[in-house]
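Here's the structure we're looking at; comments come further down.
The values are calculated or read from the model by the stated rules, or taken from the named source; none is laboratory data. Since the model is a prediction, treat every value here as computed from it, not as a measurement. Note that each Cβ is placed from the backbone with ideal geometry, even for glycine, and that neighbours are counted across all protein chains shown. Just so you know, the surface numbers come from the protein's heavy atoms only, side chains and all, with ligands and any DNA or RNA stripped out. Shrake-Rupley method; radii C 1.70, N 1.55, O 1.52, S 1.80 Å.
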Amino acid sequence: MTGCVVFDFDGVLVDSNVVKRRAYRDIFAGTSGSEPIVEAVLQSNSQDDRFGVIRAILEGLSAEQRVTPARLDLLVTQYGDRYNVICEEHAATCVEIQGASSALARLAERHPLYIISATPEDPLRRIVKRRGWSRYFQDVLGRPRTKRENLAQVMRREGVDGGQVVFVGDGRQDLDAAREAGCRFVGVRNDFNDFDPAGLTMLDDLYGLVDLVESH
């Protein structure tokens, strides 16, 4: 029996992955030599959060400039703030994944719902509130904690084990967290899936999610 349902956010509830990826290029636009470094980092650092990606890009750009650790930390914060402004506005206003609102409304009537994301927690909560979805969720959890840490927190709070949790995600971090905790994983198919879908339950939208959850 399903005790609660946990959602990733970007690419699962809202169609924001393209802009989040493009935002890295935007914040470094005009910086000489940035394009190949940004592309290389995005290819090799897909599991990092936004600050890890930005740090890797800056380290690539400053490899020969001997930037001090303190200066690098400051730059990461500055570029991270620019990135957050772009992504927060878009995530709050972009189109939802088809069927998201109806699935949330129906599931919230019978199950505790949570969001677990790699997005920093405060802006994530603002985004969810702006979309009018706060009423559906028991909590909205993000960075600085990892998805595994937040999932463990949800399970403790609800008093459930992994077999009573459905994790709806679209990335390797989601799948790994679900597997480690023994949760049922439902994947949302998109161009940013970074795992092998073979043998997994995959959806193209969220219209069929309620039936999947209720059949567990």
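The figures follow:
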| read-out | value |
| --- | --- |
| In region 32-49, the residues that are open to solvent by 20 Å² or more (accessible area, probe 1.4 Å) and under 19 Å from the mean Cα position of the chain (by Cα) | 43, 44, 45, 46, 47, 48, 49 |
| Residue under evaluation residue 27, criteria (1) open to solvent by less than 10 Å² (accessible area, probe 1.4 Å); (2) in contact with a Phe, Trp or Tyr (Cβ under 7 Å, 6 or more places away or on another chain), criterion not met | (1) |
| Among (1) in a loop (DSSP other than H, G, I, E, B); (2) within 17 Å of the chain's Cα centre (by Cα), the one test that residue 198 misses | (2) |
| Filter pass, residue 125 being under 25 Å from residue 175 (Cβ atoms), at pLDDT 95 or above, under 17 Å from the mean Cα position of the chain (by Cα) and surrounded by fewer than 19 Cβ atoms within 10 Å (Cβ to Cβ) | yes |
| Flag for residue 103 being farther than 28 Å from residue 81 by Cα, without any contact (Cβ under 8 Å) to a residue 40 or more places away in the chain and of a type outside the set (D, E, K, R) | no |
| Residues of region 1-33 satisfying the condition of being of a type in the set (Gly, Ala, Ser) and modelled with pLDDT under 90 | 3, 30, 32, 33 |
| In region 174-216, residue modelled with the lowest pLDDT [restricted to those that are closer than 17 Å to residue 162 by Cα and among the acidic types (Asp, Glu)] | 214 |
| All helices (runs of 4 or more DSSP H) inside region 1-69 with 2 or more residues being of a type in the set (Gly, Ala, Ser) and in contact (Cβ under 8 Å) with a residue 12 or more places away in the chain | 34-44, 50-61 |
| Output for region 1-46, where each listed residue is touching a Leu at 6+ places or on another chain (Cβ under 8 Å), among the aliphatic types (A, V, I, L, M) and over 26 Å from residue 187 (Cβ atoms) | 37 |
| Any chance residue 140 is touching a helix residue (DSSP H, G or I) at 6+ places or on another chain (Cβ under 9 Å), farther than 22 Å from residue 208 by Cα and open to solvent by less than 30 Å² (accessible area, probe 1.4 Å) | yes |
| Qualifying strands (runs of 3 or more DSSP E) (wholly inside region 78-191; at least 3 residues being among the β-branched types (Val, Ile, Thr) and closer than 27 Å to residue 54 by Cβ) | 113-120 |
| Residue identified as in contact (Cβ under 8 Å) with a residue 60 or more places away in the chain and of a type in the set (D, E, K, R) among 170, 161, 176 | 170 |
